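The values are calculated or read from the model by the stated rules, or taken from the named source; none is laboratory data. Predicted model only: the values in this text are computed from it and were never measured. Please note: Cβ atoms are built from the backbone with ideal geometry, for glycine as well, and neighbour counts cover all protein chains shown. With ligands, DNA and RNA removed, areas are computed over all heavy atoms of the protein, side chains included. Shrake-Rupley method; radii C 1.70, N 1.55, O 1.52, S 1.80 Å.
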Amino acid sequence: PAARRSGSSRARAAPAPRRRHSRRKSFPAKQLCRAADSPKPAADASGESFNIMGKTVLVVEDNELNLRLFCDLLNAHGYSAHPVRDGRDALAKAREIAPDLIIMDIQLPHVSGLELIGQMKADLTLRAVPIMAVTAYAGKGDEEQIRAAGAEAYVSKPISVIKFIESVGAFA
Ligand code: MN
């Protein structure tokens, strides 16, 4: 009978102990807009989602919380958001940065969003820039009035994060 070889060629397979990092990398303390319902940027027809990166969006909003919310959402989705708190600065800022989209609060002190939309649509350099109006006011005929002023889109406050970003993505 053949002699049994036992164990003489057993491989020593024990892996070398891995050196563990003594410190884990920490996540940034501030992570914006990680809401569970916040969608990924929509891919366009070609399936490329990266080409929306860096598109500029002018945000005209006097309410500081809303302004931050909109800008955080936009930045978290790859846009470059430019805040304007005072409607009286909106036209100059729009001419300066030539945005891909303007998000316009309607109820502003000093000058109404409707008036600003009218001024932008009367401006040869700005008229092609799509405007998305955002307003809490939900009176009858409100949307018609906003669209008649020239806005391409309308989103009511309080915003749905998904609707907001989808609407933005339809224009920029
Ligand atoms: Mn307002």
Handout entry: Answer residue from the range 74-118, given it is among the acidic types (Asp, Glu) and under 20 Å from the mean Cα position of the chain (by Cα) and is farthest from the ligand (Cβ to nearest atom) among those
Key = ASP100
Practice task
Inspect all residues belonging to the range 116-137 and state whether any of them is in a loop (DSSP other than H, G, I, E, B), without any contact (Cβ under 8 Å) to a residue 60 or more places away in the chain, open to solvent by 60 Å² or more (accessible area, probe 1.4 Å) and touching a Leu at 6+ places or on another chain (Cβ under 8 Å).
Solution key: no
Exercise for the section: Confirm whether ASN66 is surrounded by fewer than 17 Cβ atoms within 10 Å (Cβ to Cβ) and in a helix (DSSP H, G or I). Expected result: no
